[in-house]
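No value in this document is a laboratory result; all are computed from the given coordinates. In this text, all values refer to a predicted model and were calculated from it rather than measured experimentally. Note: ideal-geometry Cβ built from the backbone for every residue, glycine included; neighbour counts use all protein chains shown.
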């Protein structure tokens with residue numbers, strides 16, 4: 001099968017397309033004919049050996065993908081060959097076929113196209129888990145989203161807006177902020193031109209944000225913590241700015257606030273039933289038009305490296321999709 005292949009850890013320029021053997025399912029797995037795979041920031045890390053998962057060579061990146069079931073393992077129940085599904089498997093999706101454990105496969109409603117589903121799984125499920133589960137979001141609260149024009153960021157903007165929250169989008173350019181406003185944000189803050197804490201305080205009448213979605217890290221995390229309200233909840237999702245921040249613990253004490261680490265992959269593995277219920281709610285929201293995953297661009301397998309570079313350079317607004 002055709003695939004985008006990593007034969008050794010290294011820079012994004014070191015990898016390319018080629019042929020891999022067709023996969024066969026283990027007893028608890030299904031094999032999927034991939035129609036679309038989503039591109040995530042951790043894909044740029046895994047091929048460089050900078051992610052917590054280090055697959056054996058050769059491998060293809062791509063943790064979320066949608067398509068139709070091609071083969072089913074002996075112990076798998078509840079799925080059928082030819083069924084449309086959405087799946088997660090940490091890697092393997094930038095290929096014509098991909099494997100996934102049955103516990104990490106989700107039935108795909110007919111009303112949701114494969115490319116939209118692949119654009120939604122990791123980003124929207126991470127945002128949903130952060131906001132509703134760990135963040136205990138309630139209507140009327142204020143949600144601050146850092147990196148709001150990226151995949152998780154835009155998902156968080158849409159989900160919080162649909163829940164009746166006031167949404168403050170923080171991004172690095174006016175073009176990105178315009179996209180966030182279109183997605184439902186009430187206020188936009190350019191955190192490269194403004195003092196983030198002061199801007200959030202001004203936008204909330206001095207109260208601060210009830211929930212922070214942070215996919216950026218670096219110096220912005222501490223600024224966001226300083227901008228939280230009493231009993232605020234700060235969701236640590238990623239470090240797109242490149243530096244893992246250190247947050248003074250006294251800030252948490254003084255504000256009575258919480259920092260929560262968000263690792264959606266592990267949530268799926270440890271609490272599959274709860275995760276499946278959340279993904280079903282997301283897919284229902286997409287089917288009825290409440291949630292609208294934006295796609296920045298589509299790339300064939302042979303151009304997957306270009307997609308990774310676009311994401312690594314933070315040039316994407318919305319999701320990048322690989323299509324076999």
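Which one, 270, 54, 233, has the greatest fluctuation when you compute a Gaussian network model over the chain with C-alpha springs under 10 angstrom?
270
Hey, how many Å between the Cα centroid of the range 108-143 and the Cα centroid of the range 41-57?
Cα centres, the range 108-143 to the range 41-57: 24 Å.
Taking a ≥ b ≥ c as the square roots of the eigenvalues of the Cα gyration tensor of the chain, is the shape rounded (a/c under 1.5), prolate (a/b larger than b/c) or oblate?
It comes out prolate by the Cα gyration axes.
Relative contact order (percent) for the range 141-224, with alpha-carbon contacts under 8 angstrom and 6 or more residues of separation?
Taking the mean separation of contacting Cα pairs over the length of the range 141-224, I get 35 percent.
For every helix of n ≥ 4 consecutive DSSP H residues, a contribution of -39,500 (n - 2.57) applies; sum these over the chain, divide by its total residues, and give [θ] at 222 nm rounded to the nearest 500 deg cm²/dmol.
Estimated from H runs of four or more residues: -9000 deg cm²/dmol.
Over the chain, what is the relative contact order in whole percent, taking alpha-carbon pairs under 8 Å and six or more residues apart?
On the way: 759 pairs, mean separation 60.3, N = 324.
That works out to 19 percent.
Evaluate the distance, in nm, between pseudo-label points positioned 7 Å from the Cα of residue 195 and of residue 207 along their respective Cα→Cβ axes.
Between residue 195 and residue 207, the label points sit 2.2 nm apart.
Using only Cα atoms, locate the centre of the range 172-214 and the centre of the range 292-320, then give the distance between them in Å, rounded to an integer.
When both Cα centres are located, 24 Å separates them.
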